[in-house]
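Data block below; observations after.
Bear in mind that the values in this text are calculations on the coordinates, not laboratory data. This one's a predicted model, so the numbers in the text were calculated from it and none came from an experiment. In this analysis, Cβ positions are derived from the backbone assuming ideal geometry, glycine residues included, and neighbour counts consider all displayed protein chains.
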Amino acid sequence: MKTNNDVADVLIIGAGASGGVAAKHLAEEGFKVVVLEQGDWINQSDLPGLRPEYELLGSKAWHPNPNIRGNDTDYPIDLSESVAQVGMFNGVGGSTILYASCWCRAKPSDFRVRTLDGVADDWPISYEELVPYYEAVERDLGVSGAAGNPAYPAGYNPPLPAHPINGVGRKMAEGLNKLGWHWWPGYNSIPSQAHRRQKQCDRLGICMYGCPHGIKSSADVALFPDALAHGAKLITRARVAEITLNEKGLANGAVYIQEGQQYFQPAKVVIVGANGIGTPRLLLMSKSNRFPDGLANSSGLVGKRFMTHPFGTSVGLYEDDLGDFLGPAGEAIESMQFYETDASRGFVRGSKWHIIPAAARPLGMINRWTKGEGTADEEFWGEQFTSRMKDSIGHMIEWMVMPDDLPEETNYVTLDPVLTDSDGLPAAKVRYVTGENTRRLVDFNLERSLEAHAAAGATKAWVTSRNNPSWHNMGTCKMGDDPATSVVNGYGQAHDVPNLYVIDGSLFVTATGVNPTATICALAKRTATYIAKNARNQEVGA
Amino acid sequence: MSTPLQLEFRLSQAQRDRLAVFADLLISGGAGLPAATEVDVAGAWIDRALGARPDLVETVVGVLAEEGEPAEVLARLRAQEPERFDAFAFIVAGAYLIHPRVRKLLGYPGGAPEPSPAFPDEADAYLEDGILDVVIERGPTYRPTPQTA
Ligand SMILES: Cc1cc2nc3c(=O)[nH]c(=O)nc-3n(C[C@H](O)[C@H](O)[C@H](O)COP(=O)(O)OP(=O)(O)OC[C@H]3O[C@@H](n4cnc5c(N)ncnc54)[C@H](O)[C@@H]3O)c2cc1C
Ligand code: SF4
């Protein structure tokens with residue numbers, strides 16, 4: 001094994017959303033930062049979005065499920081015991097390469113579900129404590145949105161104005177107003193105006209295939225250039241096999257594999273931002289005499305409580321030409337009408353809904369029709385195909401109903417006993433069964449979404465799926481104050497290893513009813529700020 | 001337009017002729033849109049689609065090799081091997097939907113996604129009749145916690 005001579009002040013594992021936030025912050029604060037990333041930089045000209053066949057490429061080479069993509073920079077995931085399809089992207093930028101950039105702060109009640117609803121646990125921090133960090137990352141990521149949303153406490157003022165809500169947003173907003181239901185222009189981490197290094201969004205509308213113009217605020221575009229400009233060292237194709245400990249039980253670096261060769265990167269502090277699946281996988285791989293069940297796992301909770309957002313979708317057809325070819329994709333509008341708990345509905349917690357332009361995925365129309373409830377039995381092929389497409393493209397509005405998902409220890413990420421990645425390291429295995437509360441929540445909200453379509457004037461509306469893959473991976477290194485019932489504290493610091501921090505979606509105590517990246521980034525910013533401020537008192541491993 | 005992705009594999013003329021029949025059964029045309037063969041789905045466009053999904057070559061070749069009338073083969077696959085039917089229909093539809101003429105007829109502004117940045121006042125134009133005012137006037141809807149209260 002070769003040892004890199006340079007001891008990092010901070011070693012960050014994973015160059016995704018959370019790794020990018022931490023690398024930028026700590027490099028700018030003058031720390032010697034090394035980032036290890038198993039994937040490559042993504043060349044914007046390799047992204048499929050400017051090709052007519054982008055959707056075909058997105059169904060294989062750029063699919064969010066690593067089992068389908070099958071790159072050697074990916075690790076496979078055994079999903080044989082998961083009802084949810086699960087995935088991410090592995091490379092500089094992490095899953096933000098493919099994310100839709102729906103930027104959603106969690107709401108105050110999300111942090112207090114035990115107090116308010118008597119379920120799961122309260123988070124060890126509050127919305128109010130997180131606000132300054134939301135604001136900081138919203139500036140870094142060029143978040144665009146409208147100020148004054150009554151669904152949040154006063155003061156949520158995104159740094160850039162909202163994108164146009166476009167024809168789809170307008171049409172649905174009129175329907176929601178008839179019902180007296182909440183809606184708001186979408187929030188997107190995509191600049192609506194030139195911002196820092198990024199241009200104003202070109203509205204190509206294919207953001208989920210990667211932004212070929214480098215405009216979407218993925219971590220490689222919006223965060224890593226600053227980290228590198230401040231001296232951070234980013235090593236790609238470096239797959240971490242193990243986080244190591246010194247004799248005092250402090251993390252002293254990591255062993256990684258690059259082109260078949262093993263290296264050791266020594267570090268004073270280690271931060272893991274390897275995604276809600278990659279992080280527990282790495283901790284579970286880092287076994288030692290001190291931690292025979294995986295690093296920092298004295299609670300037994302590493303990998304447990306896996307949550308995702310198995311979200312529902314419904315579509316409506318509209319006679320008007322909605323001009324639905326415009327991005328971003330990205331939210332046009334969102335609704336939080338059914339976000340907060342109303343126990344009379346037969347479940348607790350709720351859902352944020354949003355509209356992403358549907359026309360950018362014409363091939364997606366096949367499943368919307370042939371797997372849809374009520375439409376699956378109608379003929380789609382043959383003479384119907386062209387009329388169905390003509391009725392749908394530019395005339396469809398799709399609601400995505402994002403459910404809160406509550407933690408259960410029977411849903412977990414573990415190491416697969418058989419499957420391995422291209423370096424021979426154990427693959428991840430996910431077990432996930434949708435909880436009863438989540439199922440009811442999705443069903444209820446989908447029914448309401450059909451009412452919204454009717455109010456907006458849809459000629460036909462139906463549920464297309466009650467279990468879409470969200471690609472949101474959460475909960476597998478729970479944060480909390482009690483070392484017996486959590487892996488890390490409110491700063492992401494491992495209870496068992498004081499110079500080891502977790503900063504990604506693994507931290508989530510509950511899933512929240514919104515897309516997670518805003519909260520992941522705010523938590524990473526808070527932890528990075530804490531590490532920088534407390535560096536003098538920090539116990540170090542190397 | 002971008003260069004098509006290259007696929008070394010080539011369907012024979014006989015395979016293309018048979019594919020044309022399958023493709024027209026799946027996409028017969030109408031509502032102002034052409035049938036699959038009218039836009040050469042079994043020619044250049046299936047090549048281009050398979051260039052993006054080379055893993056589906058086997059499915060296409062396999063379905064074309066199924067014995068029987070194409071309509072019967074499709075009906076059998078649909079009933080007995082729905083995943084194979086779905087994969088075959090998907091790549092045929094993929095070849096059709098990337099054709100520039102089809103995209104145009106479906107209303108897409110270009111042969112592939114094109115820039116269309118918003119005008120400076122475009123976002124406001126959607127809201128200027130006060131459509132958002134009623135939402136604001138209803139007041140806060142978030143649930144207070146001990147911290148917010
Ligand atoms: C298609 C898609 C759409 C999405 N849309 C949205 C959206 O609209 N809004 C939203 O909020 N969220 C969205 N998400 C989710 C969002 O992308 C993630 O929540 C976010 O990127 C997670 O950040 P992270 O830092 O936890 O992990 P990631 O961004 O996934 O980064 C983790 C990185 O760690 C690396 N890594 C893992 N293990 C190792 C190892 N052993 N050694 C070295 N490197 C390693 C990985 O290669 C990866 O690059 C979407 C995701 C996808 C895939
Ligand atoms: S809509 Fe904007 S951010 Fe999305 S891919 Fe297009 S240019 Fe990039």
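The Cα atoms of segment B:31-89 cover 30, 30, 18 Å along the three principal axes, with the biggest extent listed first. The residues packed around A:Ile356, meaning those with a beta-carbon under 12 Å from its beta-carbon, carry a net charge of -3 if Lys and Arg are +1 and Asp and Glu are -1. Between helix B:13-26 and chain B there is an angle of about 40 degrees, using the helix long axis and the longest principal axis of the Cα atoms. Residue by residue along A:199-207, Cβ atoms of other protein chains within 10 Å of the local Cβ number 4 on average.
Within 10 Å of the Cβ of each residue in B:121-134, the mean number of Cβ atoms contributed by other protein chains is 5. Placing one identical point scatterer on every Cα of segment A:12-97 and ignoring solvent, what is log10 I(q)/I(0) from the Debye formula at q = 0.14, 0.15 Å⁻¹? Taken in order of the listed q values, log10 I(q)/I(0) reads -0.58, -0.65.
Within straight-line reach of A:Lys533, meaning a Cα separation under 26 Å, sit the following lysines at least 8 residues removed in sequence or on another chain: A:Lys24, A:Lys32, A:Lys233, A:Lys248, A:Lys268, A:Lys478, A:Lys525. Here is how the number arises for chain B: DSSP H runs of 4 or more residues each give -39500 (n - 2.57), the sum is divided by the residue count, and the result at 222 nm is -13500 deg cm²/dmol. Please list, by residue number, every one of the chymotrypsin sites (Phe, Trp or Tyr not before Pro) in segment A:29-81 that is coil in DSSP and has at most 16 other beta-carbon atoms within 10 Å. Filter output for segment A:29-81: A:Trp41.
Under the rule a/c < 1.5 gives rounded, and otherwise a/b versus b/c splits prolate from oblate, where does chain B land using the Cα gyration tensor? Prolate, because a/c is 1.5 or more and a/b exceeds b/c. Along the charge dipole of chain A, which of A:Gly249, A:Asn275, A:Leu450 sits closest to the positive end, that is, farthest toward it, with unit charges on the beta carbon of Lys, Arg, Asp and Glu (+1, +1, -1, -1)? Toward the positive end, the furthest listed residue is A:Gly249.
Taking the helices alone, chain A has a mean residue ellipticity at 222 nm of -7000 deg cm²/dmol, built from -39,500 (n - 2.57) per DSSP H run of at least 4 residues and averaged over all its residues. Partner shielding of A:117-127 amounts to 1, given as the average count of beta-carbon atoms from other chains within 10 Å of each residue beta-carbon. Highest mean packing comes first when the peptides A:530-541, A:153-164, A:287-298 are listed by Cβ atoms within 10 Å, giving A:153-164, A:287-298, A:530-541.
So what's the angle, to the nearest 10 degrees on a 0 to 90 scale, between helix A:17-28 and the longest Cα principal axis of chain A? Compared with the principal axis, the helix lies near 50 degrees. Let me make sure I get this right: for segment B:61-149, a, b and c are the square roots of the gyration tensor eigenvalues over alpha carbons, sorted descending. Under 1.5 in a/c it's rounded, otherwise prolate if a/b > b/c, else oblate. Which is it? Cα axes put segment B:61-149 in the oblate bin. Computed across chain A, the Kirkwood radius stands at 23.2 Å (inverse of mean 1/r, all Cα pairs).
What do you get for the angle between helix A:127-140 and the principal long axis of chain A? Use alpha-carbon atoms, 0 to 90 degrees, nearest ten. With both axes taken from Cα atoms, the answer is about 90 degrees.
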